[in-house]
Amino acid sequence: MACKLEIRSGGHDYEGLSSVSPLPFAVLDLIDLRNITVDLANKSAWVQAGASLGEVYYRIAEKSSTLAFPAGVGLTVGVGGHFSGGGEGMMMRKYGIAADNIIDAKIINAEGKILDRESMGEDLFWAIRGGGGNTFGVVAWQINLVDVPTVVTVFNVTRTLEQNATNLVHRWQYLVDKFPEDLALRIFVRRVNSSQDGNTTIQAAFTSLFLGRVDRLLPIVQQHFPELEGSSGKNMFQEPIPKNALEKIWKRLYKMDAKMAELQFTILGGKMNEISEFSIPFPHRAGNLFQIHFALLWHEESIKEINWHMKWIRELYDFMAPYVAKHPRTAYVNYRDLDLGTNNIHGNSTYQEACIWGFKYFKVNKFNRLIQVKATVDPHNFFRNEQSIPYLDHYAG
């Protein structure tokens, strides 16, 4: 009986595809492949696929206070999956995502050969920077380090419904393309107990990273967002959400099933608008204002509880349909969602099956190019999971 190979870097796959499978499988755990070598002279670093983002940031900071790398905020997230899916982070408005800053790689392909950028060719090098994990091979990455000031500014401002939170979230949507690229301002919306009367309310937490000192930040906030000073998900948005729709979303957070729900509003724009949509497989560039990540946690293990919580988040997903990017409705591959569609688990997927989810993550042209690369470099579909780029016979050759 054939045994599937599941590759695990940090184990953060939302659907657990790096750790479980309905078929017989073995896990290739990269936990011991975590070497990080920083080269200050060339402003670069080599990072093995088992390292975590926190380790990368720590090793860079050991060497320099003015260099950094633009990737995610989850310190225990493994770079293998994060970089493979693109790698969004708080500095992407200034420098793009992690995959935009990968300058070389080493890959062990399905034949066991070790290839670098030159020997793998530009098509495969393009594909591994955003085409999703467990599709093309196991890699180490050479990353380009970026310049940062010695002092940066962070803040976290919370507002409840009673403190005008709905108006502030609504206003934020109209400002995201006006902020300078040095500023990232995210929003986390969740249910909390009011500090005023103890009753349940909705809280919006505005969390920011500014690449500069506070004396530069304050005039920006005063100019663009003076109201703020005084007062897992997965969709891209090209137009602001109306205020009455936001109020309907808040009502859903009051439901019993949603006591551990959170909506994360992430600002796009800046450098993201300048990088070509076709430079790497990650497609969410100019024209996208922000994205919302729907996250819902629960501790109960009964089928009844699971079904209740899944029903809540699926209903929210359906409710958001009129407000998100369309044709196709898009999603970010690192926020994996098997509800979007899956390959045939036995490995013989059709194009019709794969494009259901593939177009949402990569859009049409880039998904078709990824399939062509897969047919060339892994014709036996050795690296695969329910949402890896499939091998299709008619794309070979």
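The values are calculated or read from the model by the stated rules, or taken from the named source; none is laboratory data. Computed from a prediction, not measured in an experiment: that's the story for all the values here. Quick reminder, even Gly has a Cβ in these numbers, built from the backbone with ideal geometry, and neighbours come from all protein chains shown.
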Inset, instruction - Give the residues of region 165-201 that are of a type outside the set (D, E, K, R), under 25 Å from the mean Cα position of the chain (by Cα) and part of a strand (DSSP E or B), sorted by residue number. - result: Leu183, Ala184, Leu185, Ile187, Phe188, Val189
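Restricting to region 202-224, count the residues that are in contact with a Pro (Cβ under 7 Å, 6 or more places away or on another chain) and either loosely packed, with under 15 Cβ neighbours inside 10 Å or in a helix (DSSP H, G or I) (or both).
Residues of region 202-224 that are in contact with a Pro (Cβ under 7 Å, 6 or more places away or on another chain), as a first pass: 211-212, 220.
Subsequent filtering for residues that are either loosely packed, with under 15 Cβ neighbours inside 10 Å or in a helix (DSSP H, G or I) (or both) retains 220.
Total meeting the criteria: 1.
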Inset, instruction - Show the residue pairs that are 6+ apart or on different chains and have beta-carbon atoms under 6 Å apart, the first residue being within region 276-289 and farther than 18 Å from Asn334 by Cα, the second being at pLDDT 95 or above. - result: Ala286/Asn273
Inset, instruction - Give the residue that is modelled with the lowest pLDDT, with candidates limited to residues of region 228-258 that are out of contact with any Leu (no Cβ under 9 Å at 6 or more places or on another chain) and in a loop (DSSP other than H, G, I, E, B). - result: Lys255
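Hey, among the residues in region 132-164 that are of a type in the set (Val, Ile, Thr) and assigned to a loop (DSSP other than H, G, I, E, B), which one's surrounded by the fewest Cβ atoms within 10 Å (Cβ to Cβ)?
Step one: of region 132-164, the residues of a type in the set (Val, Ile, Thr) are 135, 138-139, 143, 146, 148, 150-154, 157-158, 160.
From the residues that got through so far, the ones that are assigned to a loop (DSSP other than H, G, I, E, B) too are 135, 148, 150-152.
Details: Thr135: 23, Val148: 21, Thr150: 7, Val151: 10, Val152: 17.
Restricting to residues being of a type in the set (Val, Ile, Thr) and assigned to a loop (DSSP other than H, G, I, E, B), the top hit is Thr150.
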Inset, instruction - Scan region 333-354 and give yes if some residue there is within 13 Å of Pro281 (Cβ to Cβ) and of a type in the set (S, T, N, Q), otherwise no. - result: yes
Inset, instruction - List the number of the failed condition for Ala354; all other conditions in (1) within 21 Å of the chain's Cα centre (by Cα); (2) under 30 Å from Leu246 (Cβ atoms); (3) among the aliphatic types (A, V, I, L, M) hold. - result: (2)
Inset, instruction - State which residue pairs qualify: first residue basic (Lys, Arg) and inside region 256-271, second residue assigned to a strand (DSSP E or B) in any location, beta carbons under 7 Å apart, and separation of 6 or more residues or different chains. - result: Lys259/Arg191
Inset, instruction - Just give me the residues in region 113-170 being hydrophobic (A, V, I, L, M, F, W, C) and more than 30 Å from Phe382 (Cα to Cα), in sequence order. - result: Leu145, Val146, Val148, Val151, Val152, Val154, Phe155, Val157, Leu161, Ala165, Leu168, Val169
Legend entry - Close pairs (6 angstrom Cβ cut-off, 6 or more residues apart or separate chains): more than 18 Å from Asp339 (Cα to Cα) and not assigned by TED's automatic domain parsing to the domain that holds Gly130 in region 360-372, of a type in the set (Ser, Thr, Tyr) and assigned to a helix (DSSP H, G or I) anywhere: Ile371/Tyr395; Gln372/Tyr395
